[in-house]
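> Have a look at this one.
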Amino acid sequence: MDTGDTSSMIGGWLDFETLFNQSPVGHIVAATDGTILLLNDTIESWTGTPREELLGTPCSDYFPEGGYGELMTSLTTAGQVSGLVVQLQARTGPSRSVVVSAVRKSSNDGLLELDHVVLSEQTPAVSSAAQVRPLQGTPPAAETRADQEDRRHEALLRAVLNTVGVGVTVIDSAGNPLLQNAEFAAIVRHASPGNSGTAKESDLLVYGPDGTTPIPPERRFIPRLSEGESFSEELIWIGPEGKRRAISVTGRSARNEAFEGSVMAFDDVTQLATALTAKDEFVATVSHELRTPLTSIMGYLELALEEDLAPHLRRSLETAMRNSERLLQLVADLLAVASGAREAEKQDVDLAVMLASRIRAIEPRAVDRNIGIIQDITPQLPLHVDPKGMARALDNVLSNAIKFSSPGEQVRVRAIQTGNDVVITVADTGVGMSQDEQRKVFDPFFRSTTAVKTAIPGAGLGLSITKAIIEAHRGTISVTSSPGHGSTFTVTLPGSRQ
């Protein structure tokens, strides 16, 4: 079979238009002034712009000014270009790092001169090293085994990134984007005014955890990462009003011999955030509805107890009053959990005096259960705190120690100044907790296995509220424990004014 027959058969099976449009690389045929005359499906897909809108427009609309100017200069002087790495701008979604090769050709009669530009996707990490390299008639060297391995690794990396369900982006030390996946591009589009996906970071619709307070540009994630800051699971809201979505953001610096920059992950947690908000609203509504009739019941019980009553009737009413007070405290705890941490009015207090008063208030309960309280409190521990909130936190920790101690045991309370901090420890020798229980002990509504089995009263809210109060004062609370050997809670509070 001669070459003519072969060409005829191939031509009948697959025409030039199909080859041109289905090519995995982009092709543009343009006039020498940059006007697009012909393009393939790949260019249409990469730019996100219909073919009819691309035709007749200048190439410079889709390349940064510097990159396009460099391409035109090289074509004019050398007639050919190879290996120029630029960013291809898209109407929607992020820009795309591409390698540009081009050749300028004239018709046989010299009346028509056109540029044929070919674009191939390129790993962003190597873009800074690429330069304009005129071909000068020399064919490119054969691809080495190392090149093939690099291309395989690049394809694998892109496949993995585009498969994961979170948005991922990589930036260099100056904050410039190097790599990002499709999920991140979708998040950027949602945060862009008009859903354009091409807005600058400072123009994105980004709000704080409340969903309404805009985050200023200097406190957004790329500037913070560029300053060396890291963060984990920070909640933000993005997008226009009525369509905002909750995003959990984690950012870490990544520095080694080959790379210096940062990686960010964006996880859409809208469903979880909406469910938690609905739960808090429900708890707050129910708690408000419970508090009003409960207050009325306690008022009438107080009036009844002022009367001259038979001993057995008085005991019954006093029992009803104690349980009403316990229920009222539970309602207050539910409201505190639903409302979250609030900015409280702080005052200068002596924690030694406050802690001693809280111990005196809880001593009757300790005496009833034959539990001793040993105090080791350094005199004069000045702090700047919310007195009501801190008193409640101390009450919760002390009450928890007595509640989980057995008759005849002791609770040790210690408070000292350590540098600029005040450290409080409350240790008991009670039932203790497992490692798994220690990890959950500050979670709302958590109750240990022992508390459930022995029917120790409580709703599992006290330590959760205590942690919120301590952290609102920029302090920390931790626990060490082991089953059968008791628990030690440690509270550390900054001693200086915050």
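> For the stretch 372-420, which positions are surrounded by fewer than 20 Cβ atoms within 10 Å (Cβ to Cβ), under 17 Å from T476 (Cβ atoms) and modelled with pLDDT of 90 or more?
Listed by number, the residues that qualify are R414, I416, Q417.
> For a quick check of your reading of the model, give me the residue pairs whose first member lies in the stretch 386-414 and is more than 18 Å from G462 (Cα to Cα) and in contact (Cβ under 8 Å) with a residue 12 or more places away in the chain, whose second is assigned to a loop (DSSP other than H, G, I, E, B) and open to solvent by 20 Å² or more (accessible area, probe 1.4 Å), with beta-carbon atoms closer than 7 Å and at least 6 apart or on different chains.
P407/R369; P407/N370; G408/N370; E409/T429; Q410/T429
> State yes or no: is A78 modelled with pLDDT under 80, of a type in the set (A, V, I, L, M) and open to solvent by 20 Å² or more (accessible area, probe 1.4 Å)? Step through it out loud before you land on a result.
Working: modelled with pLDDT under 80: yes; of a type in the set (A, V, I, L, M): yes; open to solvent by 20 Å² or more (accessible area, probe 1.4 Å): yes.
So A78 fits the description; yes.
> So, G175, is that one in contact with a Ser or Thr (Cβ under 7 Å, 6 or more places away or on another chain) and small (G, A, S) or not?
Yes, satisfied.
> Select, from H116, H153, the only residue that is at pLDDT 65 or above and either in contact with a Leu (Cβ under 7 Å, 6 or more places away or on another chain) or within 23 Å of D41 (Cβ to Cβ) (or both).
Only one candidate qualifies: H116.
> Separate question: Show the residue pairs meeting these rules: Cβ distance below 8 Å; 6+ apart or different chains; first residue within the stretch 211-227 and more than 23 Å from T277 (Cβ to Cβ); second residue at pLDDT below 80 and open to solvent by 40 Å² or more (accessible area, probe 1.4 Å).
Cβ pairs passing all conditions: P217/E201; P217/S202; R220/E201; R220/S202; I222/E201; L225/S253; S226/S173; S226/A174.
> May I pose another question? Suppose we filter the stretch 189-203 for residues that are open to solvent by less than 30 Å² (accessible area, probe 1.4 Å) and at pLDDT 80 or above; how many remain?
Residues in the stretch 189-203 being open to solvent by less than 30 Å² (accessible area, probe 1.4 Å) and at pLDDT 80 or above: 2 in total.
> Which ones in the stretch 469-498 are under 20 Å from N420 (Cα atoms), open to solvent by 50 Å² or more (accessible area, probe 1.4 Å), among the small types (G, A, S) and not in a strand (DSSP E or B)?
Those that are under 20 Å from N420 (Cα atoms), open to solvent by 50 Å² or more (accessible area, probe 1.4 Å), among the small types (G, A, S) and not in a strand (DSSP E or B): none in the stretch 469-498.
> Separate question: Does K467 satisfy being closer than 28 Å to E325 by Cβ, modelled with pLDDT under 90 and in contact with a strand residue (DSSP E or B) (Cβ under 8 Å, 6 or more places away or on another chain)?
yes
> Here's another thing I want to ask about it. Quick check on the stretch 470-479. Is at least one of its residues touching a Ser or Thr at 6+ places or on another chain (Cβ under 9 Å), modelled with pLDDT of 85 or more and within 22 Å of G372 (Cβ to Cβ)?
yes
> Out of all the residues in the stretch 361-370, which are modelled with pLDDT under 90 and in a loop (DSSP other than H, G, I, E, B)?
Residue satisfying the conditions is R369 alone.
> Just a yes or no: is a residue in the stretch 209-217 over 16 Å from I171 (Cβ atoms) and open to solvent by less than 50 Å² (accessible area, probe 1.4 Å)?
yes
> Moving on to the next point. Here's a check for you: in the stretch 440-458, which residue that is closer than 23 Å to E325 by Cα and exposed (fewer than 15 other Cβ atoms within 10 Å of the Cβ) is modelled with the lowest pLDDT?
Going through the qualifying residues, I end up with A455.
> Also, quick follow-up: Given the condition hydrophobic (A, V, I, L, M, F, W, C), outside any helix (DSSP H, G or I), open to solvent by 50 Å² or more (accessible area, probe 1.4 Å) and modelled with pLDDT of 85 or more, answer yes or no: does some residue in the stretch 226-237 qualify?
yes
The values are calculated or read from the model by the stated rules, or taken from the named source; none is laboratory data. No experiment lies behind these values; they were computed from the predicted model shown. Counting neighbours? That spans all protein chains shown, and the Cβs are built from the backbone with ideal geometry, glycine included. These accessible areas exclude ligands, DNA and RNA; they are computed on the full protein's heavy atoms, side chains included. Shrake-Rupley method; radii C 1.70, N 1.55, O 1.52, S 1.80 Å.
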